[in-house]
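In what follows, a single structure is set out as structure tokens and then discussed.
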Amino acid sequence: MSAAPAPAPGAADLLAVDAVTCRFGGVVAVNEVSFAVARGELFGLIGPNGAGKTTLFNLITGLTAPTAGRLRYRGDDITGLPPHRVAERGIARTFQNVRLFGELSALDNVMIARHVRTHSGLVGGVLGMGSARREERETRDQATALLALVGLGDRFDESARNFPYGDQRRLEIARALALEPELLLLDEPAAGMNPAEKRALSDLIRSVRARLSLTILLIEHHVPLVMDLCDRIAVLNFGQLIALGAPAAVQKDPAVIEAYLGDEA
Amino acid sequence: MATFIATYDFLFVSMVLAAVLALTLYLPLMAGQLSVASPGFYALGGYIAAILSTKVFHPAPGLYPVRLVLVEMALGALVSGVLGLVVGIPALRLRGIFLALATIAFVQILGVVALNLDVTGGAIGIFGIPQPFSNQLQYLWIALPLLALSMLFVARLERTRTGRALIALREDELAAAAMGVNPTYHKVLAFTLSAMLAGAVGAVSAHFINTWNSRQGTFDTSVNLMAFVLVGGSRTFVGPVIGALILTALPEALRGVADVGGIPPWLAQFLRDGRLIIFGVLIAVGTVFFPHGLITPALLRRLGGRRRASAR
């Protein structure tokens, strides 16, 4: 599978990962992984701990540069772009180990992520010129609306660090959405949530996907959630792509069963 | 009261100028960057003012025109800003303590250069810098508006798109970059603004101190500025300003206490001469009991809340 030829960059593909390899010293974290995510798709990425899922996210978002291979987004080569340039192009993410701006309020956290969609300069902002003030008001309104969307509308003024863990994850989703992404990367959004919260999260992901016509790449350990949500699933093991396809097919794949789903199959 | 003001005129102006300098340390800190380069830009601004006012401008006898001081401040800010940009772009690739070390080196290099150039007067420096005011207290006409404008600038900055980007970098650089904030651009911007402000303070200080040499704006100043921020607090611009006002006034206040009659001679002696010891102890005790400084955003919110409540 890992040696499979790169998928042809079809018009429908939003993101193409083409034989991407990432080495840290002697460790191969991601080994010639290729797949493509179609526009509008909800694409799941699963695999045991240390399989290279988060590394793959870091490669796509520019936090880590790949050792080899190319990344294409909307047909453009984005390999090696710094993170802020990747974000500008409309790729937003959440982090496995929540990385909010802890001291700041929930509202500020979301407002910061409007950065690439706003344009006020230093002088205009400080002097409070008309256009900057209007933009500031719009930014605040949009951030407030996003907080309401993820169900945190009444706590916009609280410091992010005071939120319970599940709410921090939802706040991170609101922050990522503020970027107006076309591609949203969610890194274990259900981690640490109880079953009821997980169900609410599934509903949230479904509703924002439909409402904002998002393409979503989802890393998740909770297999039922992935099986339930995703259109297609890629399975990583020790940096290799070992299976790719519809949830039901992947679930029956002997390689996957051996590597990951063993006791659940 | 009049004698009190006349006695302490030098102190009042020093306090206000120190508060502006403290803000020059706060600006890069807003973006999470510990830079102690501002004494270097302060020294540069001072030399620009000293050279221009003693060798280039030849005003009529009498008081030196205030507008020329303002021109020198603008030039000091401009030149410091350009140098800040040149130094900042490579220096801000460094992180944390390495940036601090690099900026200490920068301050040292500028000091050595000033010591060895003819135009800066070498070891003697430049003296007899003309006075725009008939007494030192009147320097407040420049220092106070400068402090007010700087504080207003930073206060407004914190509530703008650019300021939020700086604060995001301070809180989590990686997450900020993933949200589209360009780290290098914003760090260099904060550093350059800090350099400009320090250059302007240096220019007015050269007139105020009357003489300028390579002992101005040294590593000692860097340490003082860090103490201002450490004691005052680094999470809101109010902290460094308060820290600078208190710590600049403290030695004189101690001397004042020592001069009050009725205290044992050894204690009076200690208050007069042991100022640095007291200073050090206060900083040590302060960091233990007020690790975030005297003034924190939470404290300001509480005060603000009470004011709003009482207004109702």
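Only the coordinates and a few stated rules stand behind these numbers; no lab work does. The shown structure was predicted, so the numbers you read here are calculated from the model rather than taken from an experiment. Reconstructed Cβ throughout: ideal geometry from the backbone, glycine too, with neighbour counts over all protein chains shown.
Here are some notes:
- Each 20 Å bin from zero holds the following percent of Cα-Cα pairs in region B:2-311: 31, 57, 12, 0.
- Selection from A:Leu236, B:Thr287, A:Ala87, by position along the positive dipole direction of the protein assembly as shown (Cβ): B:Thr287
- Two-decimal log10 I(q)/I(0) for region B:1-100, as the Debye equation yields it once each C-alpha is a single scatterer, q = 0.10 Å⁻¹: -0.40
- Helical content alone sets the calculated 222 nm signal of the protein assembly as shown at -17500 deg cm²/dmol, taking -39,500 (n - 2.57) per DSSP H segment of four or more residues and averaging over every residue.
- With the charge dipole of chain B set up from +1 on Lys and Arg Cβ and -1 on Asp and Glu Cβ about the Cα centre, the Cα lying farthest toward the positive end among the listed residues B:Ala105, B:Gly163, B:Gly62 is that of B:Gly163.
- Exposure proxy for B:Met73, B:Met15: other Cβ atoms within 10 Å of each Cβ, ordered fewest to most, give B:Met15, B:Met73.
- About the centre of its Cα atoms, chain B shows a dipole size close to 1120 debye [charges on the beta carbon of Lys, Arg (+1) and Asp, Glu (-1) only; nearest 20 debye].
- By the beta-carbon count within 10 Å of each Cβ, the least crowded to most crowded order of A:Leu146, B:Leu115, fewest first, is B:Leu115, A:Leu146.
- Note on region B:78-166: Kirkwood radius taken over Cα pairs, Stokes-Einstein applied at 25 °C and 0.890 mPa s, translational D equal to 146 µm² s⁻¹.
- Computed from the Kirkwood radius of its Cα pairs, the Stokes-Einstein diffusion coefficient for chain A at 25 °C and 0.890 mPa s stands at 128 µm²/s.
- Spacing of the two label points (7 Å from each Cα toward its C-beta) at A:Val123 and B:Phe219, in nm: 4.0 nm
- For region B:154-299, the Kirkwood hydrodynamic radius from C-alpha pairs, put into Stokes-Einstein at 10 °C and a viscosity of 1.306 mPa s, yields a diffusion coefficient of 88 µm² per second.
- Column: log10 I(q)/I(0), Debye, Cα scatterers of region A:104-180, q = 0.19, 0.25, 0.27 Å⁻¹: -0.73, -1.07, -1.18
- Span-like helix ranges in chain B, DSSP H, alpha carbon extent 18 angstrom or more, Kyte mean at least 1.6: B:9-30, B:66-91, B:96-116, B:140-157, B:275-289
- Projecting the alpha carbon convex hull of the protein assembly as shown along each direction and taking the average yields 34.1 nm².
- Between A:Arg74 and B:Ile263, the modelled label-to-label distance comes to 6.9 nm, taking each label 7 Å out from Cα in the direction of the beta carbon.
- Of the beta bridges in chain A, as assigned by DSSP with both residues counted there, near 55 percent are antiparallel.
- Cα point-scatterer Debye curve for region B:122-169, base-10 log of I(q)/I(0) at q = 0.16, 0.22, 0.29 Å⁻¹: -0.67, -0.80, -1.01
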